[in-house]
Amino acid sequence: MNKQEAADYLGVSTRAIERYTQKGKLSVKYEGGKTRPVAVYDSEELDKLKEELNTTTYKPAIEATDQTPTELATTPVGLSGLVEKFILPLSNQLQQLTEAISYLKALPTNQPTVGIENKLLLTLKEVQALTGLSRETLREAIASGQLKAAIVGKAWRVKRKDLEEYIENL
């Protein structure tokens with residue numbers, strides 16, 4: 001059978017046939033076709049695979065054990081195993097993270113911090129904080145020309161002097 005016939009026979013796609021071939025569940029032979037070699041699959045292998053696909057296998061939800069239920073119930077479960085497996089590694093990682101954060105906090109910042117009261121140019125968020133006006137109100141004032149502002153980089157900047165003039169004219 002060719003690939004399409006094999007796929008129809010098994011009730012799967014041709015891509016599934018290719019995957020079964022890659023996994024070694026099917027072997028393929030190539031015979032010369034009119035323009036290129038054609039994949040041919042053995043009928044017996046297809047029958048075996050179809051039977052395997054049609055049989056449902058159930059995996060047990062609980063692994064089998066040699067112990068009886070009473071032995072299992074009386075087996076002590078110690079916290080030492082949990083501590084060694086999970087808690088100690090996590091506490092070590094937490095300690096490393098804490099050290100890294102404190103190291104990063106101790107690094108000097110390259111940008112000087114200036115209070116909002118000393119800034120000459122303000123962002124819209126800073127103007128909002130100073131005036132209590134909404135972002136939309138500020139954008140409308142900029143659009144109408146009542147508040148002078150310029151885009152610096154990707155954000156609006158307002159000169160403090162222009163903001164004070166706008167506030168006086170309200």
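The values are calculated or read from the model by the stated rules, or taken from the named source; none is laboratory data. Computed from a predicted model, the values in this text were never measured in an experiment. Using ideal geometry, Cβ is built from the backbone for each residue, glycine included, and neighbour counts are taken over all protein chains shown. Heavy atoms of the whole protein, side chains included, go into the accessibility calculation; ligands, DNA and RNA do not. Shrake-Rupley method; radii C 1.70, N 1.55, O 1.52, S 1.80 Å.
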> If each of residue 91 and residue 18 carries a label point 7 Å out from its Cα toward its Cβ, how far apart are those two points in nm?
Replying inline: 5.4 nm
> So what J values fall out for segment 161-170 if you push phi through Karplus, 6.51 cos²θ - 1.76 cosθ + 1.60 with θ = phi - 60°, rounded to Hz, Gly and Pro as x?
Replying inline: 4, 5, 5, 5, 5, 5, 5, 5, 7, 5
> Counting only the heavy atoms of the protein chains, how much of residue 13 is accessible to a 1.4 Å probe, in Å² to the nearest 10?
Replying inline: 60 Å²
>> Can you sort 160, 15 by solvent-accessible area, 1.4 Å probe, largest first?
In response: 15, 160
> In segment 1-43, which residues have a backbone nitrogen under 19 Å from the label point lying 7 Å from residue 54's Cα in the Cα-to-Cβ direction?
Replying inline: 1, 5-13, 17, 26, 42-43
> If you plug each phi of segment 128-140 into the Karplus form 6.51 cos²θ - 1.76 cosθ + 1.60 with θ = phi - 60°, what whole-Hz ³J(HN,Hα) values come out, in order, with x for Gly and Pro?
Replying inline: 4, 5, 6, 9, x, 7, 6, 4, 5, 4, 5, 5, 5
